[in-house]
Amino acid sequence: MSEPYFVQRNLPHYYPVGADYFITYRLANSIPAIKIAELKTNYRIDRTPDILLNKNFARFEEVLDRCANEPYWLQEDRIASIVADSLFFIDRKKFRLDCFSIMPNHVHILITHFAAAPLIPFIMRDHKGYTARQCNKVLSRTGSFWQKESYDRVVRTLVEFDEIRHYILNNPVKAGFVEKWQDWKWNYWKK
């Protein structure tokens, strides 16, 4: 498929084939419902493109980085390992994995989609489905593991790509978990 794919859920999603993507996905219920309602209200008020891309994502990230709401399953090595191993498995098959950061309640990835691969929403559906089943087994639980909708953004320039990489790798520093990004066990960068 060579045509871009567009879908509207809570957020608009645009998936051009072969593009670079910044994707953030989080654990189910990792943001309290009251906070989601507040973020949605602000999203409807701030409808200009720059504000949509920057201000609302910054609000969303601030809530996630505070880790103010359970679950925190990704802070367990055996759970984070399942997610990392799945990303490494997909790497070089469906996308080129540039970097990731697995935080206690969310994951950031920066990838380059391969034009011959399935579209990003189908790759992410399979990755999240597989990791949810495996993590739920380890945790002896059932039910939703990941929030259904991810935040995804097409990366348009090399400068933006580098800025996003810096942002992802420094997320644990910003959250106060480590002083240097290299010290976070669940950071990866393919140099």
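The values are calculated or read from the model by the stated rules, or taken from the named source; none is laboratory data. As the structure is a prediction and not an experimental result, all values here were calculated from the model. We place every Cβ from the backbone using ideal geometry, glycine too, and count neighbours over all the protein chains shown.
Quick notes on this one:
- Qualifying residues in region 175-191 (those that are surrounded by 14 or more Cβ atoms within 10 Å (Cβ to Cβ) and at pLDDT below 95) - the one nearest to ILE82 (Cα to Cα): PHE177
- Test: residue in region 105-116 that is in contact with a Ser or Thr (Cβ under 9 Å, 6 or more places away or on another chain), buried (at least 17 other Cβ atoms within 10 Å of the Cβ) and at pLDDT below 95: yes
- Within region 146-164, considering residues that are within 14 Å of the chain's Cα centre (by Cα) and surrounded by fewer than 17 Cβ atoms within 10 Å (Cβ to Cβ), the one modelled with the highest pLDDT: VAL154
- Number of the exception - LYS137 against (1) exposed (fewer than 15 other Cβ atoms within 10 Å of the Cβ); (2) farther than 16 Å from PRO71 by Cβ: (2)
- Matching entry among LYS128, LYS185 (being of a type in the set (D, E, K, R), within 13 Å of THR24 (Cα to Cα), out of contact with any Ser or Thr (no Cβ under 6 Å at 6 or more places or on another chain) and in contact (Cβ under 8 Å) with a residue 24 or more places away in the chain): LYS128
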